[in-house]
Amino acid sequence: MIEIKNVTKVYNTGVTFHALAGVSFTINDGEFVAIMGPSGSGKSTLMHILGALDTPTSGSYFLDGKDMSKLSDDDLADIRKNKVGFVFQSFNLLPRATALRNVMLPLVYQGGERSKRKGTAEAALRAAGLDEGHFNHLSNQLSGGQIQRIAIARALVNNPTLILADEPTGNLDTKTGEIVLGTFQRLNEEQNRTVILITHESDVAQHAKRIIFIKDGRIVSDATTHGQKIIHHS
């Protein structure tokens, strides 16, 4: 599904900064991968490239066999809309809209019958684990965990092949965070969704089946997890 080849990202803001310095890896369909690293390691820059929100300075990124550097802005926008679901730490929901309305919004831009949009949004909320009794609650009336499930449902509503979650438990307590991470595990195992989790916390990363550790813009390890045991690739 994903092939990153010798990707670099350089920022020039008076001082040249190498956010990524020759990153290469592949991710197959249906994998659950955590990209882990400390603040400033380059993991968020990498996520922006994976989500077609930014482009590499050099190197190449192939998504489903397509060279992303060859695509137009409209093509990239279509990929962000239809192939990638984003889940952020800050939720990014409309506080005065209901859970259902928040999830329906991405579908409004696609047109179609309102009843069909409503049914699709309800199905996404159920898949994300939100109780049906909360569908018509305003998002600012719900708990952090419930709000993050709405955000997950919004990411699912266009049936993306790839879910990118950037520090999705950062604003949640430990117990609630575990529930949200369990939702990602279930989506991966039961629906074969490809999930990429960006985190700086090792206990969060352990919920994935593979951990790519990045530091100073370089991959320092790429390991498969098995429970709490990490098996490093040769």
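The values are calculated or read from the model by the stated rules, or taken from the named source; none is laboratory data. The structure displayed is predicted, hence computed values, not measured ones. Note that we place each Cβ from the backbone using ideal geometry, even for glycine, and neighbour counts take in every protein chain shown.
Which of the residues belonging to segment 119-150 are closer than 20 Å to residue 31 by Cα and buried (at least 20 other Cβ atoms within 10 Å of the Cβ)? 128, the sole residue that qualifies. Among the numbered conditions (1) under 14 Å from residue 218 (Cα atoms); (2) buried (at least 16 other Cβ atoms within 10 Å of the Cβ); (3) out of contact with any Pro (no Cβ under 8 Å at 6 or more places or on another chain), tell me where residue 20 comes up short. Of the numbered conditions (1) under 14 Å from residue 218 (Cα atoms); (2) buried (at least 16 other Cβ atoms within 10 Å of the Cβ); (3) out of contact with any Pro (no Cβ under 8 Å at 6 or more places or on another chain), the odd one out for residue 20 is (3).
Among residues of segment 5-15 being at pLDDT 90 or above and hydroxyl-bearing (Ser, Thr, Tyr), the one that is surrounded by the most Cβ atoms within 10 Å (Cβ to Cβ) is 8. Residue 153 passes every criterion in (1) surrounded by fewer than 23 Cβ atoms within 10 Å (Cβ to Cβ); (2) assigned to a helix (DSSP H, G or I) apart from (1). Checking each residue in segment 188-234 for being part of a strand (DSSP E or B), modelled with pLDDT under 90 and over 24 Å from residue 175 (Cβ atoms) picks out 223, 224, 226, 229, 230, 231, 232.
Just one of (1) among the aliphatic types (A, V, I, L, M); (2) farther than 22 Å from residue 2 by Cβ; (3) not in a helix (DSSP H, G or I) fails for residue 165. It is (2).
Checked against the criteria, residue 42 counts as in contact (Cβ under 8 Å) with a residue 24 or more places away in the chain and crowded, with 21+ Cβ neighbours inside 10 Å.
Can you tell me which residue is nearest to residue 28 (Cα to Cα) among those in segment 65-79 that are exposed (fewer than 15 other Cβ atoms within 10 Å of the Cβ) and in contact with a strand residue (DSSP E or B) (Cβ under 9 Å, 6 or more places away or on another chain)? Can you show your working first?
Of all residues in segment 65-79, those exposed (fewer than 15 other Cβ atoms within 10 Å of the Cβ) come to 65-67, 69-70, 72-75, 77-78.
From what is left, the residues that are in contact with a strand residue (DSSP E or B) (Cβ under 9 Å, 6 or more places away or on another chain) are 65, 67, 69, 75.
Numbers: 65: 12, 67: 16, 69: 20, 75: 22 Å.
Filtering first and then ranking leaves 65.
Would you confirm whether any residue within segment 49-64 is under 28 Å from residue 221 (Cβ atoms), free of Cβ contacts under 8 Å to residues at least 40 places away in the same chain and surrounded by 18 or more Cβ atoms within 10 Å (Cβ to Cβ)? Yes, segment 49-64 contains a residue that is under 28 Å from residue 221 (Cβ atoms), free of Cβ contacts under 8 Å to residues at least 40 places away in the same chain and surrounded by 18 or more Cβ atoms within 10 Å (Cβ to Cβ). For segment 80-118, taking the residues that are modelled with pLDDT of 90 or more and hydrophobic (A, V, I, L, M, F, W, C), the one that is surrounded by the most Cβ atoms within 10 Å (Cβ to Cβ) is identified as 103.
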